[in-house]
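Student: Handing you a structure now.
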Amino acid sequence: MDFMDSIRGMSFFDMHVHMTSRTTDDYQAMADAGVVALIEPAFWLGQPRTGVDSFRDYFASLVGWERFRASQFGIRHYCTIGLNSKEANQEELAEQVMEILPLFIYKEGVVGVGEIGFDDQTAAEDKYYRAQLDLAKEAGLPVQIHTPHRDKKQGTSRSMDIALEHGLEPGMVIVDHNNEETVREVLDRGFWAGFTIYPFTKMGNERMVDIVKQYGPERIMINSAADWGISDPLAVPKTAALMKQRGISDEAIRLVTFTNAVTAFAQSGQLSLEELIQPVGIDQSQRYNGSSILRGGQAPRVDKESTIIK
Ligand SMILES: [Zn+2]
């Protein structure tokens with residue numbers, strides 16, 4: 001992996017990645033590439049859920065088992081909790097999810113309400129987006145907004161309009177999945193601008209380099225949004241390497257791949273820069289509720305250089 005040579009010694013914060021659908025190999029590769037912390041926003045399964053208990057268990061795993069699993073690779077795991085836009089369209093279920101959200105958003109490691117916003121821009125999406133903005137405001141938590149793939153420009157403007165209408169400060173709102181069409185307005189209005197480097201659909205990282213060159217590093221942050229689709233959990237370190245190769249300063253790279261996300265989400269009171277620069281002690285024989293990431297008799301840490309698998 002030659003990109004590793006360009007970024008040796010750097011630390012990264014992937015502020016949007018769905019680790020529940022990734023493997024231990026991904027955690028190991030991320031740790032090796034310098035990812036020290038991440039945020040896992042609550043999202044959908046890829047297929048409809050059949051009951052509120054499915055949400056309950058999922059939210060509980062985001063603040064529980066998944067957090068523990070990340071720690072076993074030396075990575076600090078935070079999450080945002082919310083009803084995502086796609087699932088807001090199952091209204092009967094959405095009502096029940098709204099009732100359990102307050103049980104989760106105050107838990108340790110929850111740094112915001114997210115990812116919420118618009119997908120198809122339906123009336124139901126609008127309703128539950130607004131209800132969750134009120135919840136975030138009441139809890140004093142940042143909001144992580146998913147912007148739609150279709151009618152992105154208009155959907156992004158509308159998401160910001162509604163956030164302001166509900167009394168949120170732009171500085172408490174991270175507008176995610178931006179592109180060349182949306183970035184100007186998001187920055188001009190004082191919101192944080194997240195960019196997802198996701199193969200073939202959202203943004204390629206060469207385009208990302210151009211955006212940072214054009215707009216500078218203020219209030220911009222990069223993530224992988226890696227999930228169960230064809231995605232890349234190393235998108236943040238790889239983009240940092242590309243930015244370095246294309247002449248962007250180390251200081252600017254650190255802002256867009258680490259510090260800006262820390263500043264934005266530290267407003268939750270659940271994370272701090274001081275905390276993030278301390279290494280996590282790794283002991284893979286630790287257990288969470290009696291369960292370990294090791295399976296019967298396994299030794300901690302797999303030696304990836306060896307061809308022999310013992
Ligand atoms: Zn996502």
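Read the figures in this text as sums done on the coordinates, not as results from a lab. Only a predicted model underlies this, so the values are computations on that prediction, with no experimental measurement involved. As a convention, Cβ positions derive from the backbone with ideal geometry for all residues, glycine included, and neighbour counts pool all protein chains shown.
Student: For the pair Ser157/Tyr288, report the inter-label distance in nm, with labels modelled 7 Å from Cα in the Cβ direction.
Tutor: 4.3
Student: Could you give the radius of gyration (one decimal) and Dmax (whole number) of the Cα atoms in the stretch 203-290, in Å?
Tutor: Just the Cα atoms of the stretch 203-290 yield Rg and Dmax of 15.6, 51 Å.
Student: Are any of the pairs Lys86/Lys238; Lys107/Lys152; Lys127/Lys153; Lys127/Lys152; Lys152/Lys244 more than 27 Å apart by Cα-Cα distance, and if so, which?
Tutor: Working: Lys86/Lys238 30 Å; Lys107/Lys152 32 Å; Lys127/Lys153 20 Å; Lys127/Lys152 19 Å; Lys152/Lys244 29 Å.
Pairs exceeding the cut-off: Lys86/Lys238; Lys107/Lys152; Lys152/Lys244.
Student: Per residue of the chain, what 222 nm ellipticity follows from adding -39500 (n - 2.57) for every DSSP H run with n ≥ 4, rounded to the nearest 500? Mind showing how you got there, number by number?
Tutor: On the way: 14 runs with 125 residues, N = 310.
Value at 222 nm, helices only: -11500 deg cm²/dmol.
Student: What does a probe at Ala60 reach in the stretch 12-42, counting residues whose amide N is under 18 Å from the point 7 Å along Cα→Cβ?
Tutor: Zone members listed by number: 20, 42.
Student: Can you compute the FRET efficiency between Arg130 and Ser6 using 1/(1 + (r/R0)^6), with r the Cβ-Cβ distance and R0 = 30 Å? Round to the nearest 0.05. Write out the running numbers ahead of the final one.
Tutor: Values: r = 44 Å, r/R0 = 1.46.
Here the calculated transfer efficiency is 0.10.
Student: Find out how many positive minus negative residues lie around Leu271, taking Lys and Arg as positive, Asp and Glu as negative, among other residues whose Cβ is under 14 Å from that of Leu271. Numbers along the way, then the final one.
Tutor: Details: positive: Arg67, Arg76, Lys107; negative: Asp14, Glu40, Glu108, Glu274, Glu275.
Within the 14 Å Cβ shell, the charges total -2.
Student: Short version: ³J(HN,Hα) in whole Hz for each residue of the stretch 237-254, in order, from phi by Karplus 6.51 cos²θ - 1.76 cosθ + 1.60 (θ = phi - 60°), x for Gly and Pro, what are they?
Tutor: x, 5, 5, 4, 4, 5, 4, 5, 4, 9, x, 7, 5, 4, 5, 5, 4, 5
Student: What is the local net charge at Val97, summed over the other residues whose Cβ is closer than 13 Å to its Cβ (Lys, Arg +1; Asp, Glu -1)? Can you show the working numbers first?
Tutor: Working: positive: Arg49, Arg56, Lys86, Lys127; negative: Asp53, Asp57, Glu87, Glu91, Glu92, Glu95, Glu99.
That sum, taken over residues with Cβ under 13 Å, equals -3.
Student: Over the stretch 3-276, what is the relative contact order in whole percent, taking alpha-carbon pairs under 8 Å and six or more residues apart? If you can, show how the numbers build up before the last one.
Tutor: Working: 522 pairs, mean separation 56.6, N = 274.
Reported as a whole number, the value is 21 percent.
Student: Using the 10 angstrom Cβ neighbour count as an exposure proxy, how do Leu103, Leu168 rank, fewest first? Write out the running numbers ahead of the final one.
Tutor: Numbers: Leu103 12, Leu168 19.
Ascending Cβ contact count within 10 Å gives the list Leu103, Leu168.
Student: Taking amide H positions as placed 1.01 Å from N in the peptide plane, with prolines and chain starts having none, which residues 5 or more places from Ile222, or on another chain, fall under 5 Å of its amide H?
Tutor: Phe195
Student: Oh, and also: By count of other Cβ within 10 Å, fewest leading, how are Asp119, Asp2 ordered? Numbers along the way, then the final one.
Tutor: Values: Asp119 19, Asp2 6.
Ascending number of Cβ neighbours within 10 Å: Asp2, Asp119.
Student: Another question about this same structure. Per residue and in cubic angstrom, what volume does the convex hull of the Cα atoms of the chain have?
Tutor: On the way: hull volume 41.1 nm³, N = 310.
Per residue, the Cα convex hull of the chain comes to 132 Å³.
Student: Considering only the other residues whose Cβ falls under 14 Å of the Cβ of Arg287, what net charge follows from Lys and Arg at +1 and Asp and Glu at -1?
Tutor: Values: positive: Arg67, Arg69, Arg295; negative: Asp283.
Net charge around Arg287: +2.
Student: Can you pull the one-decimal nm distance between simple spin-label points at Asp53 and Phe200, each 7 Å off the Cα toward Cβ?
Tutor: In this crude spin-label approximation the distance works out to 3.7 nm.
Student: Please report the antiparallel percentage of the DSSP beta bridges confined to the stretch 3-276, to the nearest 5. Don't jump to the answer; show the numbers that get you there.
Tutor: Working: 0 of 25 bridges.
Of all bridge pairs located within the stretch 3-276, approximately 0 percent are antiparallel.
Student: Can you put Asp283, Asp126 in order, fewest other beta carbons within 10 Å first? Mind showing how you got there, number by number?
Tutor: Values: Asp283 9, Asp126 16.
By the 10 Å Cβ count, ascending: Asp283, Asp126.
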